[in-house]
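See below for the structure under consideration.
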């Protein structure tokens, strides 16, 4: 090979590397781990149910701030959180629990998610429970979502990912 051919190959390789780097920086980041979700957790909770017909949700579905019984909802009270909301039926024989938790600054998200996964009880209700594949723990930045329901689990998860 002569010097001219080697020079052209070097230019082509350099351009290819720059194109790859450009694509990497321009692609959207994985929303599961990058960026915090801003806003009121109650408002975020209502967005999780978008696209689900009312007749497919438990009746008397209520969202309320979680100030007590953290262990009942998340399986552990060893969580460094700033605020949390829970969406569950007031009175029902339907196993359905959606929990949003905003962690305090500096809290370890991955460790917290692991604690929830290991300790949450998908059979916490009397006579009913949720199948293991429908218990999901996800995050967007410092907000963790726990889904425990056998109905519309994928819709709720996708709505969270698309916030």
**OP:** Please work out which one of (1) under 24 Å from residue 50 (Cβ atoms); (2) surrounded by 18 or more Cβ atoms within 10 Å (Cβ to Cβ) is the condition residue 150 fails and give its number.
**Re:** (2)
Original post:
What about residue 134, is it within 20 Å of residue 52 (Cα to Cα) and either assigned by TED's automatic domain parsing to the domain that holds residue 56 or within 16 Å of the chain's Cα centre (by Cα) (or both)?
Top reply: yes
Original post:
Somewhere in the stretch 103-116, is a residue buried (at least 18 other Cβ atoms within 10 Å of the Cβ) and within 14 Å of residue 149 (Cα to Cα)?
Top reply: no
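The values are calculated or read from the model by the stated rules, or taken from the named source; none is laboratory data. Every value quoted in this text rests on a predicted model; they were computed, and no experiment measured them. Cβ: placed from backbone, ideal geometry, glycine included. Neighbour counts: every protein chain shown.
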